[in-house]
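Structure, as structure tokens:
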């Protein structure tokens, strides 16, 4: 299990904590791990968490909910945001925040049309609480299911102080329609620009893109191939990206190509040709995440798959 790390300079530790740390180091050197664990518990009662790193130990100050995260990210999931394979992705990101008390706002808009929307986001909440036991999480499900909800000052105020904002499955076009030109979307962007981390999965990655794909409308209803304007949030935070989640989807089996977010490669190629040349597009595999540092713009890929540069050029096709 990955442990929380937030080194605190020993000069800033209370004398009693330093004394217990020294005693614990002696116990560890003697391989008296039972005593070491007892001393660790005593240190925790004084408001500090010990994280062992090889022969050294780091200390995390508890009760740091008002501390600004040391880093902030854009974390994009192609799918699998509550799969076992994603646990380490969340943990690795959270470890870099250098704080244990984390406030998470789950925004339900993408699935706001579903009768079971509360259950969908309740499952995400339970997953986070179970998967991140080393952190003291406060998880708030913000039921912003309509444009009216997303325009409510009382609802928007609930995001204040959020370290992490997460939107997930549902319909990308529904999410874009009901978040567009709302105080809630403005608040999300404001928070992320000021240090919060934005996590988007599945439909939400498309909704926040430069262009969004009407997945249900084409795949289920049979509408002509087309794109709609997305919320274009990535342009304000990083770059004018369009993300295609579920890129290597195989739910259709051998009889139906459901890659390219259920469109299939044939229709996917046609869809790409409808966009302006050189539009930046990234395909994101199932159970795969793209982690973007919003300060350094460093990008890393995590999970079972990879990403695909789908940027369309008339000279390439």
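What follows is calculated from the coordinates using simple rules that are stated; it is not laboratory data. Note that the structure is predicted; figures quoted are calculated from it, not measured. So basically every Cβ, Gly included, is an ideal-geometry build from the backbone, and we count neighbours across all protein chains shown.
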Who wins for biggest fluctuation among 230, 63, 252 in a Gaussian network model of the chain, springs between alpha carbons below 10 Å? 252
Please work out whether region 58-163 counts as rounded, prolate or oblate from its C-alpha gyration tensor, where a ≥ b ≥ c are the square roots of the eigenvalues and a/c under 1.5 means rounded, while otherwise a/b larger than b/c means prolate and anything else oblate? oblate
For the chain, just the Cα atoms, rotate onto the principal axes and tell me the three extents in Å, largest first. 71, 43, 34
Rg over Rh of region 227-317, using C-alpha atoms and the Kirkwood radius, what does it come to? 0.98
Once the cut-off is 15 Å, how many percent of the Cα-Cα pairs in region 159-215 end up in the long-distance tail? 47 percent
Principal-axis tilt of helix 183-193 within the chain, Cα atoms, nearest 10 degrees: 50 degrees
If you average the sequence gap of Cα pairs under 8 Å that are 6 or more apart and divide by the length of the chain, what percent do you get for the contact order? 17 percent
How much of the DSSP bridge set in the chain is antiparallel, in percent, rounded to the nearest 5? 50 percent
Helix 117-131: inclination vs the chain longest Cα principal axis, degrees, rounded to 10, gives 30 degrees
Given the options 256, 228, 271, state which has the largest fluctuation in a GNM of the chain using a 10 Å cut-off (strictly under) for Cα springs. 256
Subtracting the Cα-Cα distance of residue 118 and residue 11 from 0.36 nm times their residue separation yields 33.8 nm
If packing is taken as the mean number of other Cβ atoms within 10 Å per residue, what is the order of 275-282, 292-299, highest first? 275-282, 292-299
Can you pull the Kirkwood radius for region 145-192, inverse mean 1/r over Cα pairs, to one decimal in Å? 11.1 Å
Rounded to two decimals, the Debye log10 I(q)/I(0) of region 10-61 (Cα scatterers, no solvent) at q = 0.15, 0.25 Å⁻¹ is -0.34, -0.97
How far is the Cα center of region 116-131 from the Cα center of region 6-25, in Å? 37 Å
Compare 59, 233, 221 in a GNM of the chain, Cα atoms joined below 10 Å, and give the one with the largest fluctuation. 221
